[in-house]
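Below: the structure, in C-alpha cells.
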Amino acid sequence: MDLSGPDAIDKAIDAGLDLDGSPLPDAMLALYREVMSLEGQRKRSGVRKSMRNRVVRTGAKHFDRDTLNERLLQAGWEGLKAKEVAFFFD
C-alpha cells in the first residue's frame, strides 16, 4: 500500500490498518466511520471556506506563521485569525 500523499490515511483506514501495518482496533474504526458518516451528511457552507480551512490546517505544518499568513493574503483569502495563530503556532 502506498503510504504517501494526501489520501494515504484514508487508504489505511479503509484497509483497517495503521501506517505501520498493524491492525486498527474495531472500536476505533466503528467510531471513526460513524462520525465520518455524520459529517458526510452535514450541509457545507462553501468551497472557498473549506479550502481555506484545509490550507490553514495543513499549511501550518509546512510554513511558519508569517509565510502562511502572507500566502493566504496573496491567494485572496483573509489572513490568519488570532484563534488560528493561537492554536497552530503558539
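The values are calculated or read from the model by the stated rules, or taken from the named source; none is laboratory data. In this text, all values refer to a predicted model and were calculated from it rather than measured experimentally. For neighbour counting, all protein chains shown are included, and Cβ atoms are generated from backbone atoms with ideal geometry for every residue, glycine included.
Quick notes on this structure:
- Picking from residues in segment 4-23 that are in contact with a helix residue (DSSP H, G or I) (Cβ under 7 Å, 6 or more places away or on another chain) and not acidic (Asp, Glu), the one that is nearest to Arg54 (Cα to Cα) is Ile13.
- First in segment 48-72 and assigned by TED's automatic domain parsing to the domain that holds Ala82, second anywhere and in a loop (DSSP other than H, G, I, E, B) and among the small types (Gly, Ala, Ser), Cβ under 6 Å, 6 or more apart: Asn69/Gly79; Leu72/Gly79
Let's see how each residue does on (1) within 29 Å of Leu3 (Cβ to Cβ); (2) touching a His at 6+ places or on another chain (Cβ under 9 Å); (3) polar (S, T, N, Q):
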site: Leu17; (1), (2), (3): yes, no, no
site: Ala30; (1), (2), (3): yes, no, no
site: Ser37; (1), (2), (3): yes, no, yes
site: Glu70; (1), (2), (3): no, no, no
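- Of the set (1) at pLDDT 95 or above; (2) more than 18 Å from Pro6 (Cα to Cα), all apply to Gly46 but (1).
- Evaluating Leu80 against the criteria (1) part of a helix (DSSP H, G or I); (2) surrounded by 12 or more Cβ atoms within 10 Å (Cβ to Cβ) leaves one unmet condition, (1).
- Selected residue (only one of Arg33, Arg65, Arg52 is of a type outside the set (Phe, Trp, Tyr) and within 19 Å of Ala8 (Cα to Cα)): Arg33
- Selected residue (only one of Leu19, Leu31, Leu73, Leu68 is at pLDDT below 95 and surrounded by 11 or more Cβ atoms within 10 Å (Cβ to Cβ)): Leu19
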